[in-house]
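Student: Could you have a look at this structure, given as structure tokens, before my questions?
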């Protein structure tokens with residue numbers, strides 16, 4: 001995370017110290033680096049410069065409209081999974097003609113709204129959904145562009161909660177059913193087949209599973225061509241991992257090169273849906289130590305961030321590096337880094353060697369993806385503020401919630 005570095009013994013985001021951000025905006029607080037975000041996007045874009053391509057950022061990873069706006073200005077497309085995400089992308093200035101709509105449970109209203117917006121494509125995930133999109137497009141006197149999300153049954157060897165390409169996952173069309181369903185789609189009056197899509201999982205750190213999935217897609221594309229169905233784009237999804245601790249994901253350029261080499265001289269547009277690899281290492285969760293509890297067996301550092309702010313450790317047993325914002329030159333102790341929520345699963349890190357005292361600031365690293373978007377109000381805790389740093393400037397991009405907002409829509413009985 002080179003955009004987060006120590007200067008004068010204090011951790012900075014680009015040119016702004018994190019203690020300055022905490023003083024102005026409080027804690028817990030998500031802090032993002034604009035330069036890190038732009039660099040990550042350009043790594044994809046530049047690696048694809050000789051190919052007809054579209055990068056569709058997976059909005060679920062981090063959906064703040066400032067993040068989306070930065071990407072939209074760079075020319076990014078967007079991969080959405082809800083009507084709410086569609087509204088966010090449009091509010092951020094995203095081009096509707098660069099939006100692909102994924103997800104297994106698109107509602108009638110979401111399909112109508114997406115058709116009205118003029119999105120690039122629906123990534124259809126079931127026969128029932130295909131019929132629904134055709135029916136709604138007919139009612140609206142439109143022709144809906146569709147691709148099928150094909151499940152290639154490739155084991156991505158990732159956490160079972162984020163594996164999406166196996167035959168027993170809820171996502172996508174079984175590979176064996178894809179060809180007949182494409183033929184069915186091609187015969188539907190209000191559909192236009194434009195592409196093929198797959199996504200096999202998240203936080204993948206090896207290239208071979210991506211290649212195995214793409215090879216199965218290409219074989220299907222050839223069979224579709226024989227059947228007279230032309231595929232205009234091949235969407236290989238996302239899922240490339242980042243380094244949290246000791247993972248060794250391939251560089252983006254190496255990953256792109258492997259996939260484009262597999263594509264050969266095919267003329268279809270190649271599309272990617274990166275999420276974590278664009279935003280994961282662009283953000284940290286800034287928190288303050290409230291209490292220290294030293295015991296015979298364990299020491300606890302109770303901080304003001306909790307599992308409602310960053311659920312990944314509790315949900316996936318995920319590991320995030322934790323650094324002191326202003327490290328002390330005193331002996332370290334081994335701490336459990338925990339929040340104030342009334343759950344034993346409320347931890348942000350286990351067995352961390354840190355020198356801490358009450359009031360110290362810590363940074364939970366690699367928190368730009370699936371941090372704020374998965375946060376909640378559990379224990380009636382307001383969600384954190386979000387700040388984006390651009391050079392020497394810091395910008396509040398989401399105000400901290402207050403308690404009154406949390407029940408303002410609730411009503412007492414008469």
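Student: Identify, please: which residue in the range 326-342 is under 26 Å from the mean Cα position of the chain (by Cα) and in a loop (DSSP other than H, G, I, E, B) and is, among those, surrounded by the most Cβ atoms within 10 Å (Cβ to Cβ)?
Tutor: 339
Student: Only one of 380, 357 is more than 26 Å from residue 202 (Cα to Cα) and either in contact (Cβ under 8 Å) with a residue 40 or more places away in the chain or surrounded by 21 or more Cβ atoms within 10 Å (Cβ to Cβ) (or both). Can you tell me which?
Tutor: 357
Student: Out of all the residues in the range 97-109, which are in a helix (DSSP H, G or I) and touching a helix residue (DSSP H, G or I) at 6+ places or on another chain (Cβ under 7 Å)?
Tutor: 108, 109
Student: If you go through the range 150-176, how many residues are at pLDDT below 65, surrounded by 15 or more Cβ atoms within 10 Å (Cβ to Cβ) and not in a loop (DSSP other than H, G, I, E, B)?
Tutor: 2
Student: Tell me which residues, restricted to the range 115-131, are out of contact with any helix residue (DSSP H, G or I) (no Cβ under 7 Å at 6 or more places or on another chain) and either over 16 Å from residue 192 (Cβ atoms) or part of a loop (DSSP other than H, G, I, E, B) (or both).
Tutor: If the condition is that a residue be out of contact with any helix residue (DSSP H, G or I) (no Cβ under 7 Å at 6 or more places or on another chain) and either over 16 Å from residue 192 (Cβ atoms) or part of a loop (DSSP other than H, G, I, E, B) (or both), then 116, 125, 126, 128 are the ones that fit.
Student: Spot the failing condition for residue 112; the list is (1) in contact with a helix residue (DSSP H, G or I) (Cβ under 9 Å, 6 or more places away or on another chain); (2) assigned to a helix (DSSP H, G or I); (3) not assigned by TED's automatic domain parsing to the domain that holds residue 191, and only one is missed.
Tutor: Going through the list (1) in contact with a helix residue (DSSP H, G or I) (Cβ under 9 Å, 6 or more places away or on another chain); (2) assigned to a helix (DSSP H, G or I); (3) not assigned by TED's automatic domain parsing to the domain that holds residue 191, residue 112 breaks only (3).
Student: Having 2 or more residues that are in contact with a strand residue (DSSP E or B) (Cβ under 9 Å, 6 or more places away or on another chain) and within 15 Å of residue 98 (Cα to Cα) is the bar; report the strands (runs of 3 or more DSSP E) wholly within the range 11-80 that clear it.
Tutor: Per the criteria, 53-58, 77-80.
Student: Filter the range 177-201 for residues that are surrounded by fewer than 22 Cβ atoms within 10 Å (Cβ to Cβ), touching a helix residue (DSSP H, G or I) at 6+ places or on another chain (Cβ under 7 Å) and farther than 24 Å from residue 141 by Cβ and give the result.
Tutor: 179, 181
Student: May I ask you to say which residue of 363, 318, 296 is in a loop (DSSP other than H, G, I, E, B), in the same structural domain as residue 17 (by TED's automatic domain parsing) and touching a residue at least 60 places away in the same chain (Cβ under 8 Å)?
Tutor: Being in a loop (DSSP other than H, G, I, E, B), in the same structural domain as residue 17 (by TED's automatic domain parsing) and touching a residue at least 60 places away in the same chain (Cβ under 8 Å) holds for just one of 363, 318, 296, which is 318.
The values are calculated or read from the model by the stated rules, or taken from the named source; none is laboratory data. As the structure is a computational prediction, the values presented were derived from the model and not from experiment. Methodologically, a virtual Cβ is constructed for each residue, glycine included, from the backbone with ideal geometry; neighbour enumeration extends over all protein chains shown.
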